[in-house]
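The values are calculated or read from the model by the stated rules, or taken from the named source; none is laboratory data. All figures in this text were calculated on a predicted structure; none of them were measured in a lab. Here the Cβ positions follow ideal geometry from the backbone for every residue, glycine too, while neighbour counts run over all protein chains shown. Side chains are part of the model used for accessible areas, which takes the heavy atoms of the whole protein and leaves out ligands, DNA and RNA. Shrake-Rupley method; radii C 1.70, N 1.55, O 1.52, S 1.80 Å.
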Amino acid sequence: MTDNKDLSNTDTVNKSAARKPAKLAIVVPCFNEEEMLPITFDALLAVLEGMVKKQKIRDDSFLLFVNDGSSDKTMELLREASEKREHICCISLSKNCGHQSALIAGLMTAKDISDITVSIDADLQDDTSVIEKMVDEYYAGAEIVYGVRSSRQTDTFFKRTTAETFYKMMSALGVKSVYNHADFRLMSSKALEELSRYNEKNLYIRGLIPLLGFKTAQVTYERAARQAGVSKYPFRKMMALALNGITSFSTKPLTIIIDLGLAVLLICFIAAVYAFISYFRGDTVPGWTSMILSIWFLGGVQLLCLGVIGEYIGRIYAEAKGRPLYCIETKLLEGAGGDHNAL
Ligand code: UDP
Ligand code: MG
């Protein structure tokens, strides 16, 4: 895929690596990050250039910033850096599309012009020094490397508890996700190619990645506090992301309706026994028995019917997503020969 220099006499490249030195793209979504960008440029360039110097990655590796419709000086800073500084590139979205859309725009742009990507937030809360470890894991054979926070001590109490509750809820709803991992990860262009087959519009990228399969690895790091500027993820955006995460990956809320309907019918049965005993003991006013039984029975039947409809909606939802059924990791088709009659 890439033309490589001869690096056989360097011991800095992983020796067990069958993989050629890669062209790395570090993808950074930015929304109103004018305070952060000067710091981010220097920090990420230092990491990139350090790895180029060690000949771990190719020297045409680059940083790809995605301006997500910022209203401050973000785009001016990005334009100036792209023109004046080596290894810095950017794309700009026509309006604020949100972090997940900005990230996918960057990844899909980088997929065709690099071998591996690392996505990271502009505020450098994620430890840039583990990017090199991620690249090492790629050379050791991983197609996806997750950055996992070892703790959330620097997050506010509110952010920490809401985030942890959310991840626990996701796992209770049967959604496969990597605990304490956000969008700091390495992906090979092969994995990105597979990701591009998922046509979802309600994006929750960190939920999609585990669906891809492939060999994965994890690197852990301490999450730092934001170095400049304020969070661009207010509570409203966090809730929207969480809702997307749940509704895009779980039909459990729909199946719960059937369980609820069955539970109500069971209660109806118990209520019937109680109502009949009360009726025969003469403890009731006229009409009470039939009314109480109708309420419970109709409630249960209605919930059950809603649950059945929910089951069908769940299937329509899965079909509408059109997710790929499989992902081919290796093709060894030499033995099939090149010539065949066209169908
Ligand atoms: N971001 C974005 N578009 C948005 C909101 C955020 O591209 O609409 C970017 C932001 O510039 C940063 C990343 O997404 O690079 C994560 O945002 P932030 O660090 O503010 O979120 P937090 O760490 O507070 O959850
Ligand atoms: Mg942040």
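Looking across Glu334, Glu329, Glu311, one residue alone is modelled with pLDDT of 85 or more and acidic (Asp, Glu). It is Glu311. Tell me, yes or no, whether the stretch 103-117 has at least one residue that is touching a Ser or Thr at 6+ places or on another chain (Cβ under 7 Å), closer than 22 Å to Glu193 by Cα, among the charged types (D, E, K, R) and in a helix (DSSP H, G or I). Yes: the stretch 103-117 contains one or more residues that are touching a Ser or Thr at 6+ places or on another chain (Cβ under 7 Å), closer than 22 Å to Glu193 by Cα, among the charged types (D, E, K, R) and in a helix (DSSP H, G or I). Of all residues in the stretch 81-131, those that are polar (S, T, N, Q), open to solvent by 30 Å² or more (accessible area, probe 1.4 Å) and more than 15 Å from ligand 1 (Cβ to nearest atom) total 2. If you go through the stretch 41-78 and keep only what is among the charged types (D, E, K, R) and either open to solvent by less than 60 Å² (accessible area, probe 1.4 Å) or assigned to a loop (DSSP other than H, G, I, E, B) (or both), you end up with Lys54, Lys56, Arg58, Asp59, Asp60, Asp68, Asp72, Lys73.
Which ones in the stretch 290-343 are assigned to a loop (DSSP other than H, G, I, E, B) and touching a residue at least 12 places away in the same chain (Cβ under 8 Å)? If you could, list the steps in order and put the result at the bottom.
Within the stretch 290-343, the subset assigned to a loop (DSSP other than H, G, I, E, B) is 322-333, 337-343.
Gly322, Arg323, Pro324, Cys327, Glu329 - these are the residues of the stretch 290-343 that are assigned to a loop (DSSP other than H, G, I, E, B) and touching a residue at least 12 places away in the same chain (Cβ under 8 Å).
Candidates in the stretch 118-148 are the residues that are within 15 Å of the chain's Cα centre (by Cα) and within 15 Å of ligand 2 (Cβ to nearest atom); of these, the one that is farthest from Ala240 (Cα to Cα) is Gly147.
Would you confirm, using the coordinates I've provided, whether Asn180 is more than 24 Å from Lys321 (Cα to Cα) and in contact with a helix residue (DSSP H, G or I) (Cβ under 9 Å, 6 or more places away or on another chain)?
Values: more than 24 Å from Lys321 (Cα to Cα): yes; in contact with a helix residue (DSSP H, G or I) (Cβ under 9 Å, 6 or more places away or on another chain): yes.
Yes: the conditions hold for Asn180.
For the stretch 262-281, the count of residues that are modelled with pLDDT under 90, under 30 Å from Ala142 (Cβ atoms) and of a type in the set (A, V, I, L, M, F, W, C) is zero. Total residues in the stretch 23-36 satisfying the condition of being in contact with a Leu (Cβ under 9 Å, 6 or more places away or on another chain) and within 14 Å of ligand 2 (Cβ to nearest atom): the figure is 5. Only one of the numbered conditions (1) within 16 Å of ligand 1 (Cβ to nearest atom); (2) surrounded by fewer than 16 Cβ atoms within 10 Å (Cβ to Cβ) is not met by Val273, and that is (1). Residues that are within 16 Å of ligand 1 (Cβ to nearest atom) and open to solvent by less than 10 Å² (accessible area, probe 1.4 Å), at least 1 per element: which helices (runs of 4 or more DSSP H) completely within the stretch 132-236 meet that? Per the criteria, 205-212. Look at the stretch 237-270 and say how many of its residues are within 16 Å of ligand 1 (Cβ to nearest atom) and in contact with a helix residue (DSSP H, G or I) (Cβ under 6 Å, 6 or more places away or on another chain). Selection size over the stretch 237-270: 2.
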